[in-house]
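The values are calculated or read from the model by the stated rules, or taken from the named source; none is laboratory data. Note that this is a predicted model, so its numbers are computed, not measured. We place every Cβ from the backbone using ideal geometry, glycine too, and count neighbours over all the protein chains shown. Calculation scope for accessible area: heavy atoms of the full protein, side chains included, ligands and nucleic acids excluded. Shrake-Rupley method; radii C 1.70, N 1.55, O 1.52, S 1.80 Å.
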Amino acid sequence: MDILQILSNTGSSLIAPATIGYALAALGLAMHFGFTGLLNMGMAAFMAIGAYGYAISILTFGFPWWGGMLVGVGGSLVFALILGIPTLRLRGDYLAIVTIAAAEVVRLLFLTTTFDKYTGSADGLSGYHESFRAFNPIPDGTYGFGPWEYNANGWWVRIFGIAILALAAFILWAVMRSPWGRVIKGIREDEDAVRALGKNVFSYKLQSLMLGGVFGAMGGIIYALPASVNPGVYVTSLTFFVYTALLLGGAATIFGPIIGSVIFWGVQTLLSNLLPAMVNVGLLPFMTTTQSQTVRFILVGVALMLLVIYRPQGILGNKKELTFVK
Amino acid sequence: MSSNDASAAPVQRAKTTGLHKGDIVPGVAKVDPIIIADGIRRTFGGLTAVNVDHVEIPRNAITALIGPNGAGKTTLFNLLTGFDKPDEGKWTFDGHSLAGMGAHKVAGLGQVRTFQLTKALGLLTVLENMKLGAKDQIGENIFRAVIPSLWRKQEAEIEERAIVLLKKFKLDAKSSDFAASLSGGQRKLLEMARALMSQPTLVMLDEPMAGVNPALTQSLLDHILDLKEEGMTVLFVEHDMHMVRHIADWVIVMAEGQVVAEGPPDEVMKNQAVIDAYLGSHQDVDLGIVTGRIEGELNTEAIKLAAEVKHLDENIANRKETGK
Ligand SMILES: Nc1ncnc2c1ncn2[C@@H]1O[C@H](COP(=O)(O)OP(=O)(O)O)[C@@H](O)[C@H]1O
Ligand SMILES: [Mg+2]
């Protein structure tokens, strides 16, 4: 068992583009669920729209990388409007059902062979890196130390992703400490009370859905930035994983979603390396290496349940400011 | 003159009189109405919850809306404030037609309400609850929200106003606590204070006294009387006839969705229709048991009803002595 390799992979996952992508999506869910109380179960669709919007506009329409990102973000705004206008009048649990269904519709639209020319259907999309890499200011070479040794492109993706994440966290912090954020938190507590005070609750919920949706789309883009757009990623369990990261860190916090994503990916990577290694040296005689990969996801489910039951406020949340009581 | 000391004897303030025009009948026209409602009907399936032909609420007076449970008082509140839509009917507030208008717009015009089931925003602090009540906040626009220099000054003014009101409602010591930590009565006070932050012209209170401990009741009554002195109009739902007598200038009685009587409190208490309103909707309960003539088992609703009847009886018997 190569302990050093296992630790190195785990360390590397802490700043992986996938981790940053999750953190952005979790910030979006913090906006939706943690602060506004909107049980959006369709975050995977916002991420898919970001990623596909980025890749398709580059591959099919020859956009530069930043144009592709604008298309991805614009697409998520349009999706938020289409999703929000009919559904935001619904009460919490109905919203969850409708968003889950809408996310499946989006995923199947990207998966169907009808649009194969644009979406690559089941194969997904790749080979859109040229424009983004051409903008890389870092000279060629390998940098870093220990587990964090990457080439210029590897660093460019990570630095860009972290910068976007920092910007998103700043925006979320800035709006949530303002009177706008006060209205949003009021809506989470009791939207009728806020309406009785003369606030247009529907408009605020739509704004929240759009802002969080943009974070989700950027998360999808960063996730797909170094490699490919794979339709198998944007399934409903992606939304559940992002929720796990969010609840781990604290749903109604700014840094919770980020720390939660880092821990989520750290533990996932550790288990995905450690469990097969333990099977191979005979420490887990009752399972095969393939089974051990499934066990990993079972553990995620168990962790989510334990979290919601025993520490609903997450790692960073205020014990008094729970979001599940009531 | 107002008394802030909860233990002091109630101070009777001058009632506003001469509010109506012509004979007092249900739906009588008012000299200066703030709300005029016509033909408002709301049904839930086969049940007609509200069926009001015509009613007017007098301006700058305290109007009590009374009636047995299920009379349609809360439903009428919901309709007037845009929280519910009637099957038919139209009404105006301060000359604006409100039919079909959303709740937040109604509130924006200066007609704010509180709820029978208190809606304190539990995970906001008491001070945040208050600040949320203020209207036309610059920082409530998402783009301006990110630039604090645009809204800091207004925020400070709002906070100042909130603190003055919190002091008045004796909640200032709690201002940084979560509203969830308040007692039921304190939440009622907070909800009312929060509504006042929007500087309304009409305040509609749905059972403001329910669950408020007796020590707080007197100060709550004083706050309501103060509202009138400050030029506001108050419409409130209340079951306790003592309170109604004490502060209301006008009483409207509802039963089974309709306005069955209205008038100044003393007159209304004498009205046979009022007594019928309280008893008539409970035909399933043996009145003999309610009034204590016959021995028998009372369910909880009947016990409440019996208390109401007792109140009414006392009021009618003592109407010469009380309120002097
Ligand atoms: N949302 C609703 N759905 C069905 N029936 C309702 C609803 N709201 C109120 N009602 C019915 O309408 C009647 C009037 O209720 P309400 O206005 O709450 O009475 P009050 O406030 O005078 O006690 C009651 O019979 C009640 O059961
Ligand atoms: Mg009621």
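For region B:92-104, check the following and say yes or no: at least one residue is in a helix (DSSP H, G or I) and within 30 Å of B:Val212 (Cβ to Cβ). Please lay out each step first, then the result.
Here is the first cut: in region B:92-104, the residues in a helix (DSSP H, G or I) are B:103-104.
When the remaining residues are screened for being within 30 Å of B:Val212 (Cβ to Cβ), the result is B:103-104.
For region B:92-104, residues in a helix (DSSP H, G or I) and within 30 Å of B:Val212 (Cβ to Cβ): present.
Restricting to region A:163-181, count the residues that are open to solvent by 20 Å² or more (accessible area, probe 1.4 Å), free of Cβ contacts under 8 Å to residues at least 24 places away in the same chain and not small (Gly, Ala, Ser).
Number satisfying all stated conditions: 3.
For (1) modelled with pLDDT of 95 or more; (2) crowded, with 18+ Cβ neighbours inside 10 Å; (3) of a type in the set (Gly, Ala, Ser); (4) within 16 Å of ligand 2 (Cβ to nearest atom), each residue gets a yes or a no:
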| residue | (1), (2), (3), (4) |
| --- | --- |
| B:Trp91 | no, yes, no, no |
| B:Asp94 | no, no, no, no |
| B:Ser97 | no, no, yes, no |
| B:Leu127 | yes, yes, no, no |
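How many residues are more than 11 Å from ligand 2 (Cβ to nearest atom) and of a type in the set (Ser, Thr, Tyr) when one looks only at region B:54-84?
Count: 2.
So, B:Gly70, is that one within 16 Å of ligand 1 (Cβ to nearest atom), open to solvent by 40 Å² or more (accessible area, probe 1.4 Å) and touching a Ser or Thr at 6+ places or on another chain (Cβ under 9 Å) or not? Before the answer, list the steps.
On the way: within 16 Å of ligand 1 (Cβ to nearest atom): yes; open to solvent by 40 Å² or more (accessible area, probe 1.4 Å): yes; touching a Ser or Thr at 6+ places or on another chain (Cβ under 9 Å): yes.
Taking the combined requirement at face value, the residue satisfies it.
Going by the conditions given, is B:Glu159 more than 12 Å from chain A (Cβ to nearest Cβ) and surrounded by fewer than 19 Cβ atoms within 10 Å (Cβ to Cβ)? Please lay out each step first, then the result.
On the way: more than 12 Å from chain A (Cβ to nearest Cβ): no; surrounded by fewer than 19 Cβ atoms within 10 Å (Cβ to Cβ): yes.
No.
So which residues in region B:190-206 are within 16 Å of ligand 1 (Cβ to nearest atom) and either part of a loop (DSSP other than H, G, I, E, B) or aliphatic (A, V, I, L, M) (or both)? It would help to see each step written out before you state the result.
Step one: list which residues in region B:190-206 are within 16 Å of ligand 1 (Cβ to nearest atom), which gives B:204-206.
Scanning region B:190-206 gives B:Met204, B:Leu205.
Report yes if some residue within region B:209-216 is within 26 Å of B:Leu123 (Cα to Cα), within 12 Å of another protein chain (Cβ to nearest Cβ), modelled with pLDDT under 95 and within 16 Å of ligand 2 (Cβ to nearest atom); otherwise report no.
Within region B:209-216, not a single residue is within 26 Å of B:Leu123 (Cα to Cα), within 12 Å of another protein chain (Cβ to nearest Cβ), modelled with pLDDT under 95 and within 16 Å of ligand 2 (Cβ to nearest atom).
Do we find a residue being part of a strand (DSSP E or B), crowded, with 22+ Cβ neighbours inside 10 Å and either at pLDDT 90 or above or not basic (Lys, Arg) (or both) anywhere in region B:16-26?
Pass one, region B:16-26, residues part of a strand (DSSP E or B): B:20.
Still in the list and also crowded, with 22+ Cβ neighbours inside 10 Å: none.
Among the residues of region B:16-26, not one is part of a strand (DSSP E or B), crowded, with 22+ Cβ neighbours inside 10 Å and either at pLDDT 90 or above or not basic (Lys, Arg) (or both), which makes the answer no.
So which pairs qualify, if the first residue must be in region B:44-58 and over 15 Å from B:Phe77 (Cβ atoms) and more than 14 Å from ligand 1 (Cβ to nearest atom), the second must be open to solvent by 40 Å² or more (accessible area, probe 1.4 Å) and of a type in the set (D, E, K, R), the Cβ gap must be under 8 Å, and the two must be at least 6 apart or on different chains?
Hits for this filter: B:Asp53/B:Asp38; B:His54/B:Asp38; B:Pro58/B:Asp32.
May I ask you to list the residues in region A:168-225 that are within 7 Å of another protein chain (Cβ to nearest Cβ) and assigned to a loop (DSSP other than H, G, I, E, B)?
A:Ser178, A:Asp190, A:Leu197, A:Gly198, A:Lys199, A:Asn200, listed by residue number.
Give the number of residues within region B:225-240 that are open to solvent by less than 10 Å² (accessible area, probe 1.4 Å), within 16 Å of ligand 2 (Cβ to nearest atom) and not β-branched (Val, Ile, Thr).
Residues in region B:225-240 being open to solvent by less than 10 Å² (accessible area, probe 1.4 Å), within 16 Å of ligand 2 (Cβ to nearest atom) and not β-branched (Val, Ile, Thr): 2 in total.
If you check B:Leu121 against the conditions, is it at the interface with chain A (Cβ under 8 Å from one of its Cβ atoms) and modelled with pLDDT under 95?
Details: at the interface with chain A (Cβ under 8 Å from one of its Cβ atoms): yes; modelled with pLDDT under 95: yes.
Taking the combined requirement at face value, the residue satisfies it.
Identify all residues within region B:105-122 that are within 16 Å of ligand 2 (Cβ to nearest atom), crowded, with 18+ Cβ neighbours inside 10 Å and not in a strand (DSSP E or B); write none if there are none.
Filtering region B:105-122 down to residues within 16 Å of ligand 2 (Cβ to nearest atom) leaves B:113-119.
Keeping just the survivors that are crowded, with 18+ Cβ neighbours inside 10 Å gives B:113-115, B:118-119.
Matches in region B:105-122: B:Thr114, B:Phe115, B:Thr118, B:Lys119.
Collect the residues in region A:74-105 that are surrounded by 22 or more Cβ atoms within 10 Å (Cβ to Cβ) and among the aliphatic types (A, V, I, L, M), keeping them in residue-number order.
Residues satisfying the conditions are A:Ala80, A:Leu83, A:Leu95, A:Ala103.
I'd like the residue in region B:27-43 that is away from ligand 1 (no atom under 12 Å from the Cβ) and under 20 Å from B:Arg113 (Cα atoms) and, out of all such residues, is most open to solvent (accessible area, probe 1.4 Å).
B:Ile36
Residue under question is A:Gly28, and the condition is that it be within 17 Å of A:Ser126 (Cα to Cα) and outside any loop (DSSP other than H, G, I, E, B); does it hold?
Working: within 17 Å of A:Ser126 (Cα to Cα): no; outside any loop (DSSP other than H, G, I, E, B): yes.
When the stated conditions are applied, A:Gly28 does not pass them.
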